[in-house]
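Take a look at the structure set out below.
The values are calculated or read from the model by the stated rules, or taken from the named source; none is laboratory data. Computed from a prediction, not measured in an experiment: that's the story for all the values here. Quick reminder, even Gly has a Cβ in these numbers, built from the backbone with ideal geometry, and neighbours come from all protein chains shown. Ligands, DNA and RNA are excluded from the accessible area calculation, which covers all protein heavy atoms including side chains. Shrake-Rupley method; radii C 1.70, N 1.55, O 1.52, S 1.80 Å.
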Amino acid sequence: MSRTMVAGNWKMNTTPTEGKALAEGVIAAAGTPSTKVVFGVPAIQLMQVKAVTAASPGYFVAAQNMHHEDKGAYTGELSASMLADAGIDYVILGHSERREYFNEDDSLINTKVLKALAAGIKPIYCCGEKLNVREAGNHEMVVSKQIEEALFSLSRDQIKEVVIAYEPVWAIGTGVTASPQQAQDMHAHIRRMIDNQFGSEIAANVTILYGGSVKPANAEEIFGMPDVDGGLVGGASLSVENFVPIIKAR
Ligand code: PEP
C-alpha cells in the first residue's frame, strides 16, 4: 500500500468559481497522479470540488476543520456526519492556524480525531513546533507531546486511517523551509513513536507529510527523504502552475 500523498490547503482563499477552475485545472494538467492528491478546500466548496474529483481516480477532498460535537447549537460549524454524508474523504485537524487563532489544543483535537474516525473520515493531523522551541532544541519533545496527546488514545485500527503532517510553524507561509535533513529527522522520530506505540507494521505504512513552504523548487529534494511521504502545501497549492510540479515531484 502506497504511503504517498500531496495535499493542498487552500485556507481562506478562492471563491467557488476560482476553486472549481483550480481543481479542474490541476486534474487536467496532472492527469492520473502516481500519488494520492487531496484538495483541502473552504467549506462552501466541499461538495462542488467533490463533484469535480468524482470521476478522477487518485483525487480526494478534505475539509479544513470540523466541530467535535455531533450536532446542535454551534452556529457556523460543521459536524463529522455532515462531511461524511457529503462524501468528504479527509479532514485537516490541528493546523497551527487553528491552534493559534482558535485556541485549539491537543485534547480538543483528539476529540475531533475520534469523531472524524467514527464518521469514516480520515484525519490529516498537523503537528509542529514554533521557532523559539526549535531554537531551544526542544522540537522533538514538543512534537512528541502533541502526537501522544492527540493520537495515542487511538486503537490500532483507528491509527491506520490517520495521516500525520509535520509542519514546523516557523516554515508555514514564511518562505523558509525546513532542510530536507531537519524534515527527515523529525519524520523518523514520529515514525519511531508510532512504532513504539502501535507496532512496526503500522509505522511502516503510516503516511507522514511535510508542510512548510513546499514549492516546485524544493519539493523533489524534500520528498526524496526516506520518511517524507509527501507534502501538505499551502501557498503553492493555489495555482496549477505551482501545484502540478509538486504533485509530479512525488
Ligand atoms: C500550510 O498551511 O499547511 C502550509 C504548509 O502553508 P505553506 O505551504 O504556505 O507554508
In whole percent, how big is the carbon plus sulfur part of the accessible area of the stretch 104-248, probe 1.4 Å, protein atoms only? 49
Would you work out which of Met186, Ala136, Ser34 lies farthest towards the positive end of the dipole of the chain, given +1 charges on the beta-carbon of Lys and Arg and -1 on that of Asp and Glu, about the Cα centre? Ser34
Treating only the Cβ of Lys, Arg, Asp and Glu as charged (+1, +1, -1, -1), what charge dipole size does the chain show about its Cα centre? Round to the nearest 20 debye. 400
Computed about the Cα centre, the charge dipole of the stretch 1-116 from +1 Lys/Arg and -1 Asp/Glu charges at the Cβ has a magnitude in debye, to the nearest 20, of 300
Could you sort out which of Lys11/Lys36; Lys115/Lys160; Lys50/Lys122; Lys11/Lys215; Lys112/Lys145; Lys20/Lys115 sit more than 22 Å apart by Cα distance in this structure? Lys20/Lys115
For the stretch 233-244, take each phi angle, set θ = phi - 60°, evaluate the Karplus expression 6.51 cos²θ - 1.76 cosθ + 1.60, and give the result in whole Hz per residue in order, putting x for glycine and proline. 10, x, x, 6, 8, 8, 9, 4, 4, 8, 6, 5
What residue among Ile208, Ile44, Ile164 has the largest mean-square fluctuation in a Gaussian network model of the chain, using Cα springs under 10 Å? Ile44
Candidates Gln182, Gln64, Gln45, ranked by Gaussian network fluctuation over the chain, Cα under 10 Å, top entry: Gln182
Can you give me the solvent accessible area of Val176 with a 1.4 Å probe, rounded to the nearest 10 Å²? 70
The chain, helix-only ellipticity at 222 nm - DSSP H runs n ≥ 4, -39,500 (n - 2.57), divided by all residues, nearest 500: -13000 deg cm²/dmol
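State whether the chain is rounded, prolate or oblate according to the following rule on the C-alpha gyration tensor (a ≥ b ≥ c being the square roots of its eigenvalues): a/c under 1.5 gives rounded; otherwise a/b larger than b/c gives prolate, and the remaining case gives oblate.
rounded
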Hey, what did the stretch 1-107 get for relative contact order, percent, Cα under 8 Å, at least 6 apart? 23
Of the peptides 240-250, 223-233, 8-18, how do they stack up when ordered by the mean number of other Cβ atoms within 10 Å, highest first? 223-233, 240-250, 8-18
Put a dot 7 Å past each Cα toward the Cβ at Ser200 and Glu18; how far apart are the dots in nm? 4.9
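So what is the relative contact order of the chain, in percent, for Cα pairs below 8 Å that sit 6 or more residues apart? Don't jump to the answer; show the numbers that get you there.
Working: 478 pairs, mean separation 54.6, N = 250.
Taking the mean separation of contacting Cα pairs over the length of the chain, I get 22 percent.
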Using the Cα centre of the chain as origin and beta-carbon charges of +1 (Lys, Arg) and -1 (Asp, Glu), tell me which of Met225, Ser239, His67 is placed farthest towards the positive end of the dipole. Ser239
Counting only C-alpha contacts under 8 Å and six or more residues apart, can you give the relative contact order of the stretch 125-250 as a whole percent? 25
On average, how much accessible surface per residue is there in the chain, in Å², for a 1.4 Å probe, leaving out ligands, DNA and RNA? 44
Among Ala54, Cys127, Asn13 the positive-end extreme of the charge dipole of the chain (Cβ point charges): Ala54
